[in-house]
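Only one structure is covered here, and it is reproduced in the block below.
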Amino acid sequence: MNSDTSGACSGSRSANPPGEQEIRSWLVETMAGMSAVPRAEIDTTVPFAELSLTSLQGVRMSADLGEWLGMRIPNGVVFDYPTIDLMARYLSNAVKPVEEVPAAVDEEPDPHDPGFDESMEELLRLLDEDVRRSAVDVNGSDVVEDNGEPA
């Protein structure tokens with residue numbers, strides 16, 4: 001049995017991502033709470049199905065785990081990584097430190113920013129090139145010639 005779960009897991013975590021052992025401990029604690037199997041008897045190499053994890057419990061565990069890790073975990077992860085050890089290993093490699101995750105850009109470009117005109121001109125040039133490359137008539141010949149004039 002491989003159930004070394006030293007180090008209790010709390011409901012929240014620090015800015016540093018948890019390692020494989022910390023995730024394994026969280027999974028063991030969660031499985032013990034979902035089943036009648038005592039924490040010390042949970043074998044981390046045994047498939048979740050053999051630990052009597054239902055599909056609904058698997059979905060709930062994925063959601064709770066995602067909340068704890070601060071990332072979206074697909075519901076099917078319990079089927080893709082069907083043991084505590086496999087899931088802990090996968091997730092420890094998937095979770096990135098906060099400073100490595102790029103921030104989402106939620107604001108519209110500001111036309112008053114320096115460089116906006118150049119960026120828009122470059123975007124329009126790239127779009128025009130793409131349209132010219134993909135313009136093909138029904139016979140398979142180019143619709144637009146290299147000089148930009150229709151064929």
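The values are calculated or read from the model by the stated rules, or taken from the named source; none is laboratory data. The structure presented is a predicted model; accordingly, all values stated were derived computationally and were not measured. Note that we place each Cβ from the backbone using ideal geometry, even for glycine, and neighbour counts take in every protein chain shown.
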TODO: Within the stretch 19-55, work out how many residues are touching a strand residue (DSSP E or B) at 6+ places or on another chain (Cβ under 7 Å) and surrounded by fewer than 16 Cβ atoms within 10 Å (Cβ to Cβ).
DONE: 2
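Listed here are the residues, each with its yes/no results for (1) in contact (Cβ under 8 Å) with a residue 12 or more places away in the chain; (2) touching a Lys or Arg at 6+ places or on another chain (Cβ under 6 Å); (3) in a helix (DSSP H, G or I).
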| site | (1), (2), (3) |
| --- | --- |
| 16 | yes, no, no |
| 29 | yes, no, yes |
| 32 | no, yes, yes |
| 40 | yes, no, yes |
| 43 | yes, no, no |
| 49 | yes, no, yes |
| 56 | no, no, yes |
| 59 | yes, no, yes |
Open item on the list: Considering only the stretch 78-94, I want to know if a residue exists there that is modelled with pLDDT under 85 and assigned to a loop (DSSP other than H, G, I, E, B).
Closed with: no
